[in-house]
1. Out of A449, A492, N504, whose Cα points farthest toward the positive end of the dipole of the range 441-546 (charges: +1 Lys, Arg; -1 Asp, Glu; placed on Cβ)?
2. Please tell me the relative contact order of the range 1-112 in percent, rounded to the nearest whole number, where contacts are Cα pairs under 8 Å and at least six residues apart.
3. In debye to the nearest 20, how big a dipole does the chain give about its Cα centre with +1 on each Lys and Arg Cβ and -1 on each Asp and Glu Cβ?
4. In whole Hz, what ³J(HN,Hα) sequence does the range 460-475 give by Karplus (6.51, -1.76, 1.60; θ = phi - 60°), x for Gly and Pro?
5. Charges on Cβ only, +1 for Lys and Arg, -1 for Asp and Glu, centred on the Cα centroid of the chain; of T326, G166, L440, which one is farthest towards the dipole's positive end?
6. Among rounded, prolate and oblate, which fits the range 1-143 when a ≥ b ≥ c are the square roots of the eigenvalues of its C-alpha gyration tensor, a/c under 1.5 means rounded, and a/b larger than b/c means prolate?
7. Measuring from centroid to centroid over Cα atoms, what is the spacing of the range 534-579 and the range 118-156 in Å?
8. Out of [x] 40, 35, 20; [y] 38, 31, 22; [z] 45, 24, 23, which label holds the value of semi-axes √(5λ) of the Cα gyration tensor in Å that was computed here?
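Throughout, read-outs are computed from the coordinates displayed, never taken from laboratory work. Only a predicted model underlies this, so the values are computations on that prediction, with no experimental measurement involved. Virtual Cβ from ideal backbone geometry, glycine too; neighbours counted across all protein chains shown.
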Amino acid sequence: MKFDNLLQGYAPLEGLNQDIPRILSIEEFTVPSFHTRVSCCYGDATEPQFNIYLPANDVWKGRFYQHTHPFWGIDGSAEDLAMHFDSGAYSVTIPVGTMGYRTQASAGHVSRTIARNFYGHSGKIYGYLYGGSGGSMQSIGALEATDGLVWDGIMPFITGAPVSMGNFDIRRFARVVLEEKAPLIADAVRPGGSGDVKALLSDMEYAVFEEVSKLGVPVNAWENYEYLLLIYEHADLIECINSTGEVIEDKRPEAIKAETRHTNAVGSETDDTYTQAFWNEPGYLAAYDPALQETFHGLKAKGATEGALAKIAYHRHKDPGPAYKTWSHLRDAKGKPLYAQTEGPHTGLFSSTMCSGGGLWNGKINCKSIMVVNLYDADAFPSDGDYYLQRVKEAGREADFRIWLTENADHHTNHAHHLPYLSSRLVNFNGILAQALRDLSAWVEKGIAPPVSTSYTVASSQLIIEENPAKRGGIQPAVKLTADGADGASMAIGKPVSLLTKINVPPGTGKIISAEWDFYGNGDFVKADFEALPDGSWVCSVKHAYDKAGTYLPQIRVAAQREGDPGAPFTKAYNLGRGRVVVG
C-alpha cells in the first residue's frame, strides 16, 4: 500500500525550528496487533528521527500518546504500543539521547498531518505526552512552555524536582553511616515492626537517618535498603562513593548561560574550589559531629577520593532556596543555613535544565495534567512531586492539575534487572499510568473531571495518605491487612492465624476484581476469595497455620478496575496489604 500524500498540507509550527520532514519508510506489522509504522526524518537525514505507529482505522479514536524519556530508543515497545492502541491512540517515538521536549514536539506536530491523511480525518487530533524520571522533567518543561500547541494533556510520573540528581548522593551519604545498621532499620519499618529506629542507632547515626528522611528519602524505602543504598549496583562502599565523581560548576560566561537557559546546552567542569573548602575551611567538614568527621577521614584513608566524599555531603553546603521545605532542618530559626555554603547554583540544575529543555518548575502549566507519585520511590523522592504541586498552587493552576499517590510502588515497574525479590513486595503501577492517561483524555476531550487528587499531609518531608477511604482520593485501592486483629501476631507452630483484609476503593474509581494471598511474603501468590459488603467495601479473610518457626510477612495483593472488568489488560490498579507473623 502506498501513502505518497501523507505529508500533504503540512506546515511547520513556529518556534520549533524544524527542517522539512520526509518519510523514509512505511511498513505494516501484526504485533502487538495490526498497525502501520511510518518512519520519518528531517532534511537530508538518512536514518529515522521519529516513528509513528498507526493502528487500524476502526481502533483509532482521534488521539496520540507520546511516551518520553531521554534514554529510550526510537523503537516503540510492544507493551506501550498495545496500551496506546487499546486506548484508541496512535504512538509517536524518537531516538535515544534526546533531551528537552522540542524534538518530541516536532514529531508530535508532524504526526498530526500524517494521521489526518492516513485516516482521512478532518477533525481535531488530541495529543498527550507522558514521561517518568528524566521523562518527567521533559514533561514539566513541555507543560510550562508549549501553550497547548502540540499536546492537550501531559502526565509526569515518578517526578523529579530541579535538584533531584542530588538524591543519589543523599543516599550515598546515608550509606556511609548506616549501611551496617540497615538490616535492623529495614526490620523496624517493615509491617509489624517496632517502628522505633532511634532505639537501634547511636546519636550520630540517628541524626543522619533523620537528616536524609527530612531531605525526602522515604522511610519505608529502608525495607529495600539494598536498592536504597545502591548496594545492588556497587557492593563495595568505596566504589559506590567514588562512582559519584565530583561536584561540577558551570564555568560558562554569564551571557552564554543566559542565552542557553531555555536550550539543551549545558556546560560544566569539575569544581575543585568546593572540594578544597570542604576539607580545609571552617563551616564544612570541621563543623560536623566528631564521629561523622572520623567516618569521612576513615573512608578517605581507605581510598575514597576527596572530591567524591565532598560531593556526597553537598546537600549540607548548597541550600537550593526557601521553596525547598525539605532543607528546612538544615537552616536555623532565621532561615540561615547551618553549614558553610558554596557559591553558584545547585548542580542539579544542570541536569534538570538539560532534561527539561529549560523548564522553570514555576507551576504555570499550559494544559491539563495528572501527576503520579510513588511513595517508595528512592530515586525521585515523593517530596519532589509535592514540590511541584506547591508551585502549581502558587501559580493558581490547581484546577487543571491532579496528583495521585501510589503506595507500595517505587521507581520501577519491573525489578528483574535490579533486585528480583522487590517485585514480591512492590506493585506494578503501569495500570495506574494507563488509567491516568485515559482519564486525562476524557478530561480534555469530554470535560469529564478525573478523580480528585490524593489527600495527604506532609510530616518531616514524608507524604502520609489520608486514612479515611472516603477522603483518600486518587485511584489506588486502600488495603488494610491484620493478623489476629493487629499489624502483627505471635503464634505457636501449627496454630492458625486469622488474616483479615479490609479493602476500599476511592469513590468513582471502580471495583475490586481480584485478590491473591502470599502467606510467606516471597511472591508466591495464590487466588483469594473476597466479598463485597453493603457499605461499598470488600473483605477477604483466611486462616493459615505455619509448620516451621520463623518470622513471616504475609500479604495480599488486590486489583481494582474502573469498569469492574477482570479481563481488562492495561488498567488494573494494584495495592498490597501486609502484616507480620512470628512463629515459634
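1. A449
2. 23 percent.
3. 1340
4. 6, 6, 9, 8, 10, 6, 3, 7, 5, x, 5, 10, 5, x, x, 10
5. L440
6. rounded
7. About 35 Å separates the Cα centre of the range 534-579 from the one of the range 118-156.
8. Recomputing semi-axes √(5λ) of the Cα gyration tensor in Å here picks out [x].
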